C-alpha cells in the first residue's frame, strides 16, 4: 500500500485529502496541533481499514518533525509528503507597514522553514517517483491588501518548490493552490464576515489526487483546474 504524510490533517483540506487517500487504501501519518481533534480524525480514518499513525504537535518544532520521521519509518517508504499545515498570522491581518516582525517570523517558521525541514529529513525515506505537495495560495502571487505576511510566506514556499523540482528530478514536487475554501483559517482571515459562499475544501481534493496519482511534471498548479481521469477517480 502507498504511504502518505499529511500535515494539518485534523480538519479542512488536510482532513478531506486524508479521507480520500484512506478510501483508496493509502496508509497515513497525520499531524495537527490539537491532540483531541487529531485523534478523532485518526479513529475515523482507521475505520476504512488503513493504517493510520497520528502525531500531535507543531511542524515548526524540530522534536515534532523527528517524531513524524519516526512514524514514517514504521510504515515503510514514503510515497507522498503533503505540506498542508499553515499559519495565517494575526487576525485581523495587519498591513506590512505595521506587521509585528516577531509574528512574521512565526508565520515563516511554519509556512516556509517547517516544510523545507520536513522535506530534508524525509528525503531518505521517499520512494523513487514519490510526490511532494506544498499547499500554497493565490495570495502568493496577487497583491491582496493585508495579506503581506501570509502571502509572502507562500511566495517563498512557491520558489522553494520550483527549485526543489529542478534539484530532485527523481521526485515530483508540486506547489498547489487549492483556491478559496470555507475553512476555519479562511474565517479567521475575515473575522465577523460570512464566508458561507466559499466552496468546501472537499472540492479541491480531486485536483490534489491528480497530482498524487497522475503523471504531471513538477511545477505549480491550481487544484480546481485539474480534471481527474477515469483511472484517477477509480
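The values are calculated or read from the model by the stated rules, or taken from the named source; none is laboratory data. Just so we're clear, the structure is a prediction, and the values are computed from it rather than from any experiment. All Cβ positions, glycine included, derive from the backbone under ideal geometry; neighbour counts span all protein chains shown.
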Checklist entry - Which residue out of 104, 133, 122, 116 is assigned to a strand (DSSP E or B), in contact (Cβ under 8 Å) with a residue 24 or more places away in the chain and buried (at least 16 other Cβ atoms within 10 Å of the Cβ)? => result 133
Item to check | Members of the range 74-102 that are on the phi > 0 side of the Ramachandran plot and touching a helix residue (DSSP H, G or I) at 6+ places or on another chain (Cβ under 6 Å) | outcome: 89
Checklist entry - Yes or no: residue 182 at pLDDT 95 or above, outside any helix (DSSP H, G or I) and within 22 Å of residue 21 (Cβ to Cβ)? => result no
Checklist entry - Which ones in the range 17-48 are farther than 23 Å from residue 126 by Cα and either modelled with pLDDT under 95 or out of contact with any strand residue (DSSP E or B) (no Cβ under 8 Å at 6 or more places or on another chain) (or both)? => result 36, 37, 40, 43, 44, 47, 48
Checklist entry - What single numbered condition from (1) surrounded by 16 or more Cβ atoms within 10 Å (Cβ to Cβ); (2) at pLDDT below 95; (3) part of a helix (DSSP H, G or I) fails to hold for residue 188? => result (1)
Next on the checklist: Quick check on residue 149: is it modelled with pLDDT of 95 or more, crowded, with 21+ Cβ neighbours inside 10 Å and farther than 22 Å from residue 9 by Cβ?
Outcome noted: yes
Item to check | Residues (over 18 Å from residue 183 (Cβ atoms) and either modelled with pLDDT under 95 or buried (at least 17 other Cβ atoms within 10 Å of the Cβ) (or both)) located in the range 75-93 | outcome: 75, 76, 78, 79, 80, 81
Checklist entry - Do you know which of the residues in the range 156-170 that are in contact with a helix residue (DSSP H, G or I) (Cβ under 8 Å, 6 or more places away or on another chain) and within 24 Å of residue 205 (Cβ to Cβ) is surrounded by the most Cβ atoms within 10 Å (Cβ to Cβ)? => result 157
